[in-house]
Amino acid sequence: MVALNLFIRRWAHLPSPAAIFSALILISITQTAAAQTYQWRLAMSWPEGTPMLHNAAARFASNVEKMSAGRMQIIVDAPGRHKAPLGVFDMVRSGAYEMGHTTSYYYKGKDPATTFFTTTPFGMNPTEMNAWYYYGGGLELLNKVYSRHNIVAFPAGNTHIQMGGWFRKEIRSLQDLKGLKMRIPGHAGEVVGRAGMKPVSIPPGELYTALERGTIDAVEWVGPANDEKMGFQKIAPFYYTGWHEPGAELHVFINKDKFEALPEDLKAMIQIAAKEASFDMLSESFYRNVMAWEEMREKGDIQIRSFPKDVLDAFRKANDELLIQATEESPLVKEVIESQQTFLNKAKHWSKITDADYLQLR
Ligand code: CA
């Protein structure tokens, strides 16, 4: 009798046939989700083969595919195919492309709050930028801005500190800059405009000819490794050190509806691959610029210069005025600028007694 009671109690603790059936359905759904494959397309802003920038997009896509064991394939399309290098925002927002690899400051016309997620003149260097993005609230702010446009965004590449550009003639004072036409896009273009230059926007493929023919007097692009490929050193020997893009961050854009419909593991893989692309492009950029600059330096036909004090003072003043003006554009622009400036003002003290001090004594 005791044995029978024990048997009944054990039987009572077993799951009912209905519960077993439910569990089997759940397992089946989970397996179906795990087995589902995605073939997504990514539109990048950079021409096919652009050093570092294309590599970052390709590496991101390849890492997602490897981590997901092929469940997500990402086909990378260059502007040669999609025809809209600066249209990535719209193509991802609409879902025409599930993803993009681009940079935020191209889209000021869509939303002024996007401007400062790439870089800010006299702003954060890559180390400070990463600290702000990943621990100082930057990533949350980025997505506060982009979620209004049905986009999820992650940092995914950094150029390191960019050079100030190639000039046909030496700049000895602010007076020498007045009226010069320079290719320099975005907020920095507005800064030099306020300081007396004429900023112009010319597609990358036409820059060399424009500089050679004197349509423009100066051009900024990225740094030695990228600039060397453009050939600017042959026609504009004065190469100025940087102030305007102290580490431009690139971004992966993802259509928000499509991102949110993904299983959690694929979402995590995308985020990890973006973070890895950010780290890897910064490392590759630094390495390739070291090598390219070494080669340029040895040839000895490039005149390296820093802008004179009155020029930098004028740029700094114009930048400060434009940032104050920008905070009045919308509460969200104000929030982004204030978040960055608050962090930068604290980081400056630490960077001064670490990076700056160390580089001086090395
Ligand atoms: Ca640039």
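The values are calculated or read from the model by the stated rules, or taken from the named source; none is laboratory data. Since the structure is predicted, the reported quantities are computational estimates derived from the model, not experimental observations. Glycine gets a Cβ as well: all are built from the backbone with ideal geometry, and neighbour counts include every protein chain shown. For accessibility, only protein heavy atoms count, side chains too; no ligands or nucleic acids. Shrake-Rupley method; radii C 1.70, N 1.55, O 1.52, S 1.80 Å.
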For the chain, what is the mean residue ellipticity at 222 nm derived from helices alone (per DSSP H run of n ≥ 4: -39500 (n - 2.57); sum divided by total residues; nearest 500 deg cm²/dmol)?
-16000 deg cm²/dmol
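Rolling a 1.4 angstrom probe over the protein heavy atoms, how many square angstrom per residue are accessible across the chain?
On a per-residue basis, 50 Å².
Please compare each pair in LYS144/LYS267; LYS275/LYS317; LYS275/LYS334 to a cut-off of 24 Å on the Cα-Cα distance and tell me which ones are over it.
LYS275/LYS317; LYS275/LYS334
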Percent RCO, i.e. relative contact order, over the chain, from Cα pairs under 8 Å lying at least 6 residues apart
22 percent
Only Lys, Arg (+1) and Asp, Glu (-1) charged, at Cβ; the chain dipole about Cα centre in debye
340 debye
Would you please classify the overall shape of the stretch 277-362 from the alpha carbon gyration tensor, given that a ≥ b ≥ c denote the square roots of the eigenvalues, rounded means a/c under 1.5, and beyond that prolate means a/b larger than b/c while oblate covers the rest?
prolate
If you average the sequence gap of Cα pairs under 8 Å that are 6 or more apart and divide by the length of the stretch 89-229, what percent do you get for the contact order?
20 percent
Quick calc: nm separation of the 7 Å Cα→Cβ label points for ASP357 and LYS198 -> 4.8 nm
For the chain, share of DSSP beta bridges that run antiparallel, in % to the nearest 5
50 percent
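For the peptides 105-116, 61-72, what is the packing order when you average, over each peptide's residues, the other Cβ atoms within 10 Å and list the highest mean first?
Sorting 105-116, 61-72 by mean packing, highest first, produces 105-116, 61-72.
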Simple label model, 7 Å out from Cα along Cβ direction - GLN341 to LYS317, nm:
1.8 nm
Radius 13 Å from Cβ of GLN271, net charge of other residues (Lys, Arg +1; Asp, Glu -1)
-1
Here the gain from full extension of ARG81 to ARG305, 0.36 nm per residue of separation minus their alpha-carbon distance, amounts to 76.7 nm
The stretch 190-349 shape via C-alpha gyration tensor axes, a/c threshold 1.5
oblate
Cα pair distances exceeding 34 angstrom across the chain, given as percent
34 percent
Taking R0 as 30 Å, what's the FRET efficiency between ASP265 and ALA131 from their Cβ-Cβ distance, rounded to 0.05?
0.60
Would you please name the GluC sites (Glu not before Pro) within the stretch 281-362 that are DSSP coil residues with at most 11 other C-beta atoms within 10 Å of their C-beta?
GLU328
